1. Distance between Cα centroids, the range 34-98 to the range 176-225: provide it in whole Å.
2. Can you give the extra length, in nm with one decimal, that the chain gains between A245 and R100 once fully stretched, where that is 0.36 nm per residue apart less the Cα-Cα distance?
3. Ranked highest first by average number of other Cβ atoms within 10 Å, how do 101-107, 51-57 line up?
4. If each of F44 and N197 carries a label point 7 Å out from its Cα toward its Cβ, how far apart are those two points in nm?
5. Around S177, what is the net charge, scoring Lys/Arg as +1 and Asp/Glu as -1 over all other residues with Cβ under 13 Å from its Cβ?
6. Roughly how big is the chain's charge dipole about its Cα centre, with Cβ charges of +1 (Lys, Arg) and -1 (Asp, Glu), in debye to the nearest 20?
7. Specify the residue with the greatest mean-square fluctuation among S199, S177, S124, computed from a Gaussian network of the chain linking alpha-carbon atoms under 10 Å apart.
8. Chymotrypsin sites (Phe, Trp or Tyr not before Pro), restricted to the range 233-310: which are DSSP loop and have at most 16 other Cβ atoms within 10 Å?
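What follows is calculated from the coordinates using simple rules that are stated; it is not laboratory data. Being a predicted model, the structure only gives us computed values, none of them experimental. Glycine also receives a Cβ, built like all others from the backbone with ideal geometry; neighbour counts cover every protein chain displayed.
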Amino acid sequence: MTQTIAQESGPVAVVQPSSPARHAPQYGVLSQALDFTMNLRSHFVLSRWLRELGALNSADFYDGVRYRYLRKYYLGGGFNIPHRLRVAINHHQQVAQHFRTGFLTATNRHGGHTLWKQRTGAASLSMALRFPYRYNFDGDLCLTLNVNSTDACILTFSIVPGEVAGVSAAQALLVSSVQGIAGSIDRIRLATEECNNVSPAHLLLMAAETLAMAIGIKVLAGIGQSHMPRMTDTVAQKKLFDYDAFWAPLVGAEAPQHFYHMALPFADKPIEAIPAKHRGRARKRRELRNLIRHDIQAQASAVLARDCLR
């Protein structure tokens, strides 16, 4: 899966650091306070969109939801306040345009919208589109993989203006985090075994691909390690998910990028590019992987059309 899901976007453009990103030292409290004060008008615009979408209803959403974009890990933590606000406003405008009235409220009730299910002899698997958990401030929506009634992996994303992610497309699906849930290593291994050795992270990417294409988005972008907060604790740093190691093989990047771009739909690299002695095994892996991918696409597309999209 890691070797074949992408290669689809050709050479990956290097996106140089620009004004949206501030790296170490971490975006300071004083700078953040100043930016927030100077962008109050945009904050109120965001609040109006959240209210229109029902996200300020305290019966369904926690207090402070309108301030999610201020949290340290929002979009990986590498954007300043004006660009965070731009992303948050754009995301909710896109939700209002493409999704049904009450969509956000529904994503925060009863585990969200179940997009995919699979039951095997050893595992009951399901995937849901939902509003992020209270502790998850990485983005504005998430996809979760549930294994035997317990979430094992989460992919968090926002719908962003393309230029924010370094692409020419009007809109992109920006994946801001891919996280295994603490204590879920056995469930992650089980899900991988039951899904033809496709990892939970890649299963969630397949669902993200389906969602993006359903609303007309043709580019998926992943945030590189340079946009993630830096830990001062050496032990904590070693435990962090390595986003460069995750994204680079998918897009064929030979060096770390600030953003990793994948054209949609995902496409395999030509079989001729694989050494002849490995082609038979590669074909078999692709066939097994695509059985899962097509099942996710079929189920998720049906649920999105029936329950979510206008």
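1. Measuring centre to centre over Cα atoms gives 25 Å.
2. The A245-R100 span can extend by a further 48.5 nm.
3. Highest-to-lowest ranking by the protection proxy: 101-107, 51-57.
4. Reported label-point gap for F44 and N197 is 5.9 nm.
5. -1
6. So the dipole magnitude of the chain works out to roughly 240 debye.
7. S124
8. Sparse-neighbourhood loop chymotrypsin sites (Phe, Trp or Tyr not before Pro): F241.
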